[in-house]
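Everything on this sheet refers to the single structure shown next.
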Amino acid sequence: MTTLTKPEAEPTPQESEHFLSVRDLYVQFATEDGIVKAVDGLSFDLDRGQTLGIVGESGSGKSVTNLAVLGLHNPRNTTITGDIILDGQELTGASDRTLEKLRGKKMAMVFQDSLTALSPYYTVGRQIAEPYMKHMGASKKEARARAIEMLARVGIPQPQTRVDDFPHQFSGGMRQRAMIAMALVCDPDLVIADEPTTALDVTVQAQILDLLKDLQQETGTAIILITHDLGVIANTADDVVVMYAGRAVERGTVRDILKTPEHPYAWGLLGSIPRLSADVDVPLAPIPGSPPSLLNPPSGCPFHTRCAFTDLVGGDRCSTERPQLPAGRGSACHLAQDQKRDIFIEQIQPRLR
Amino acid sequence: MLRFLTRRVLGAIVILVAISAVTYFLFFVLPANPAELACGKNCANPDVVHAIKIRMGLDQPIYAQYWHYMTGIFTGRTMPDGQHCPAPCFGYSFADSQMIWPELKDRYPTTLSLALGGSAAFLIIGVGLGMLSAWQQGKTFDRVASSISLLGNSVQIYFIGPLAIALFVNNLGWLKNGSDPTWTSNPGASLNGLILPCLVMSVIFWSNYSRQTRSLMVEQLSEDHIRTARAKGMGSKYVFYRYALRGAAASIITIFGIDLGSVFGGAIITEATFNLHGLGTLAVESVNKEDLPMEMAVMLFSASAIVIFNIVVDAAYALIDPRIRLA
């Protein structure tokens, strides 16, 4: 790995163990109505070659977190505090120039809607070649050859001719492949995929996820996979963070989260997945209510307004005391450990079959 | 691209034929009788009036007159009185019996230069102001620029024209008073004489273009593909010019295409303000004299100019936005 500019403070050994460490991240937007706490004290780690799934509803702060990692927020109305340490380098408060050099080269992003996320005015090849020319100092010719190579790698047929096509001449799945090619053109160490399959057909979804996985095995990049679809992370992620109202409410391996989830919100997410094998007459069980306003989030546990199990916690702890997320596997919930297990086994699991 | 242009040119020809036909036939609905305007003292004698009518070709059926008129433009023709009128032939002026084309040829460079120069001026100044405002969004420059452009919007050419002459020509001596261009014989003086009229004419367009450009740029800068470009590590200036401006340019050009008519209108008022001799003043004179062939010729000429510029604008649009080419 090439050494980048050293951060002012040497990272503590504990932090440098991980390729990406996010510690106590707060992202706040100043709006006319007040301050929106989009991310509210989030921490997670990611190692090379690993995939971290970040799951949550719309507005739970998933995308904002990752835009903050890349430094793509609007500096005029956004305040970011906390630490984002990528390969030993502190990214919060880093200058635009520093971030510009890292973006596309060391960390890259795959966006959700490839039709709007690619510029309609330039050919796919040019858009792939651009960061290669900028970061690798390649000539136009070399960059074009690289773009063709990348298109071939992501499985676009006849890349020599398709390289000169415009995004609107590609199908949705091909556009998403091209976007992945664009993100991977400089062999980044971290790829953030923000709902990369949401706008695609189910069959194409599987292809794209396989592609990401294959490319990860070839290059050993770390991937953050943002999604609201637990089905997507089931086959791709190693670790999972469940986010609610800008906070991580549960953390664990993908097996933990899918087989023995502990947080009532994670139960709700699992319960809302339609199953082909389910009885057609049994309605889906959506989570009641709607996501809280981040302008004025509920006191205590942010999920208590929608939680069916607050009665089992003594007193009004749920509405007054913010539950902490333990390090490693665990969930931010006031329910006792055996209560969580019993409720899941007795009430939740039978509904999931 | 070739197919696109062919289609647009064919469409333009249809439009021009329609315009010419409608204009030509409309003149015959008018109460004015050209023969009676030309007969002078002898109007009491019906034979004289009839002779004039035959000389002007007015005894023929309207469609035949129209046919001779239109073919004359492309091939030239022999007028009913036996004189030859070389192509492009727009006939004779009823007012002074002079051929129309030489007069037109004399006048159009002024109007065309004004329209082109004025457009260039307001595109550069208006779009430039808008881009700076978008770049400085919310800062002092943004606010000052929007106030200045509002000022531009609320003045008129015939008001600022004399003021500008008094200031820049008479007091400061920086610029020359407006004069008709003679591009072939004296390009330097022609340019010099057009700077002030073009700038004055451009003022009324500044505010529209700077405001439109600003909002288009701000809108473009919030697009997803801008974020993608930044996520690739492209610099903010690069993104601003290559991505945002490219997107805004398509819309700016569309607005320009719509404004072409008012550009010619502005050129006419500017001609009058700066005492220039262009098509605008020619049109007004010919209307006052009920000089139908001259009105017709000016009308056809400016309509053709607008249609041609529209094709240029559409072609530019297709070059900027690749999605148009196939559509």
The residue from A:V110, A:V124 that alone is over 23 Å from the mean Cα position of the chain (by Cα), under 26 Å from B:E219 (Cα atoms) and within 14 Å of chain B (Cβ to nearest Cβ) is A:V124
Checked A:Q176, A:Q169 against criteria (under 19 Å from A:L118 (Cβ atoms), within 14 Å of chain B (Cβ to nearest Cβ), crowded, with 18+ Cβ neighbours inside 10 Å and among the polar types (S, T, N, Q)); the one match is A:Q176
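Given the residues B:G76, B:G72, which is the only one that is small (G, A, S) and surrounded by fewer than 17 Cβ atoms within 10 Å (Cβ to Cβ)?
Answer to the check: B:G76.
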- request: Answer yes if at least one residue in segment B:304-319 is within 11 Å of chain A (Cβ to nearest Cβ) and modelled with pLDDT under 90, and no otherwise.
  value: yes
Of the conditions (1) under 30 Å from A:K105 (Cα atoms); (2) small (G, A, S); (3) surrounded by fewer than 18 Cβ atoms within 10 Å (Cβ to Cβ), the single one that A:A222 does not satisfy is (3)
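Go over the candidates A:G268, A:G246 one by one and state the one that is farther than 13 Å from A:I54 by Cβ and surrounded by 19 or more Cβ atoms within 10 Å (Cβ to Cβ).
Details: A:G246 fails: farther than 13 Å from A:I54 by Cβ.
After ruling out the rest, the residue left standing is A:G268.
Polar (S, T, N, Q) and assigned to a loop (DSSP other than H, G, I, E, B): does that describe A:N66? Explain how you work it out, then say what you get.
On the way: polar (S, T, N, Q): yes; assigned to a loop (DSSP other than H, G, I, E, B): no.
So A:N66 does not fit the description; no.
Got a sec? Which of B:L279, B:L319 is in contact with a helix residue (DSSP H, G or I) (Cβ under 8 Å, 6 or more places away or on another chain) and not polar (S, T, N, Q)?
On the way: B:L319 fails: in contact with a helix residue (DSSP H, G or I) (Cβ under 8 Å, 6 or more places away or on another chain).
From the options B:L279, B:L319, the qualifying one is B:L279.
Right, A:I80: touching a residue at least 40 places away in the same chain (Cβ under 8 Å), farther than 20 Å from B:A229 by Cα and within 26 Å of the chain's Cα centre (by Cα) or not? Full working, then the answer.
Numbers: touching a residue at least 40 places away in the same chain (Cβ under 8 Å): yes; farther than 20 Å from B:A229 by Cα: yes; within 26 Å of the chain's Cα centre (by Cα): yes.
The answer is yes for A:I80.
Given B:G173, B:G161, B:G118, B:G193, which one is outside the structural domain of B:D81 (by TED's automatic domain parsing) and over 21 Å from B:I268 (Cα atoms)?
On the way: B:G161 fails: over 21 Å from B:I268 (Cα atoms); B:G118 fails: over 21 Å from B:I268 (Cα atoms); B:G193 fails: over 21 Å from B:I268 (Cα atoms).
Selected residue: B:G173, the only one of B:G173, B:G161, B:G118, B:G193 that is outside the structural domain of B:D81 (by TED's automatic domain parsing) and over 21 Å from B:I268 (Cα atoms).
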**Any hit, segment A:187-202, residues being part of a helix (DSSP H, G or I), at pLDDT below 95 and in contact with a helix residue (DSSP H, G or I) (Cβ under 6 Å, 6 or more places away or on another chain)** = no
Among helices (runs of 4 or more DSSP H) entirely within segment B:1-99, at least 3 residues that are in contact with a Gly (Cβ under 8 Å, 6 or more places away or on another chain) and outside the structural domain of B:V298 (by TED's automatic domain parsing) occur in B:62-75
task: Inspect all residues belonging to segment B:122-131 and state whether any of them is at pLDDT 85 or above and in contact with a Pro (Cβ under 9 Å, 6 or more places away or on another chain).
output: no
For segment B:232-244, pairs from a residue that is more than 8 Å from every other protein chain (Cβ to nearest Cβ) to a residue that is β-branched (V, I, T), with Cβ under 8 Å and 6 or more apart or across chains, are B:V239/B:I226; B:A244/B:I226
Among A:G231, A:G289, the single one that is in contact (Cβ under 8 Å) with a residue 12 or more places away in the chain and either exposed (fewer than 12 other Cβ atoms within 10 Å of the Cβ) or touching a Cys at 6+ places or on another chain (Cβ under 8 Å) (or both) is A:G289
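Mind listing just one residue for me: the one in segment B:261-304 that is in a helix (DSSP H, G or I) and aromatic (F, W, Y) and, of those, farthest from the chain's Cα centre (by Cα)? I'd like the intermediate steps shown before the answer.
Step one: list which residues in segment B:261-304 are in a helix (DSSP H, G or I), which gives B:261-273, B:279-288, B:292-304.
Cutting the leftovers down to aromatic (F, W, Y) gives us B:264, B:301.
Numbers: B:F264: 3, B:F301: 10 Å.
That would be B:F301.
For segment A:46-86, what are the residues that are among the acidic types (D, E) and modelled with pLDDT under 90?
To start, the set of residues in segment A:46-86 that are among the acidic types (D, E) comprises A:47, A:57, A:83.
Correct list: A:E57 only.
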Checked pairs for segment A:202-227, first over 23 Å from A:V241 (Cα atoms), second in a helix (DSSP H, G or I), C-beta under 8 Å and 6 or more apart or across chains, list as A:V204/A:G172; A:V204/A:G173; A:V204/A:Q176; A:Q207/A:G173; A:T219/A:L184
Residue count, segment B:248-264, condition modelled with pLDDT under 90 and within 10 Å of chain A (Cβ to nearest Cβ), comes to 1
A:A38 vs. criteria within 14 Å of chain B (Cβ to nearest Cβ) and of a type outside the set (D, E, K, R): no
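Would you check if B:A272 is touching a residue at least 60 places away in the same chain (Cβ under 8 Å), surrounded by fewer than 22 Cβ atoms within 10 Å (Cβ to Cβ), more than 14 Å from chain A (Cβ to nearest Cβ) and not polar (S, T, N, Q)? Can you show your working first?
Values: touching a residue at least 60 places away in the same chain (Cβ under 8 Å): yes; surrounded by fewer than 22 Cβ atoms within 10 Å (Cβ to Cβ): yes; more than 14 Å from chain A (Cβ to nearest Cβ): yes; not polar (S, T, N, Q): yes.
So B:A272 fits the description; yes.
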Can you say whether A:D96 is touching a residue at least 40 places away in the same chain (Cβ under 8 Å) and surrounded by fewer than 21 Cβ atoms within 10 Å (Cβ to Cβ), as far as the supplied structure shows? no
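So, in segment A:134-170, how many residues would count as being outside any helix (DSSP H, G or I) and in contact (Cβ under 8 Å) with a residue 40 or more places away in the chain? Full working, then the answer.
Taking segment A:134-170 as the starting set, the residues that turn out to be outside any helix (DSSP H, G or I) are A:137-139, A:154-158, A:163-166, A:170.
Still in the running and in contact (Cβ under 8 Å) with a residue 40 or more places away in the chain: A:154-155, A:163-166, A:170.
Qualifying residue count for the region: 7.
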Item checked: Filter pass, A:S139 being within 18 Å of B:K232 (Cα to Cα), more than 14 Å from chain B (Cβ to nearest Cβ) and of a type outside the set (K, R) -> yes
Exactly one of B:G257, B:G233 is touching a strand residue (DSSP E or B) at 6+ places or on another chain (Cβ under 7 Å) and over 26 Å from B:N192 (Cβ atoms), and that residue is B:G233
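The values are calculated or read from the model by the stated rules, or taken from the named source; none is laboratory data. Keep in mind the model is a prediction, meaning the values are calculated, not measured. Because the Cβ atoms are built from the backbone with ideal geometry, glycine has one as well, and the counts that use them run over all protein chains shown.
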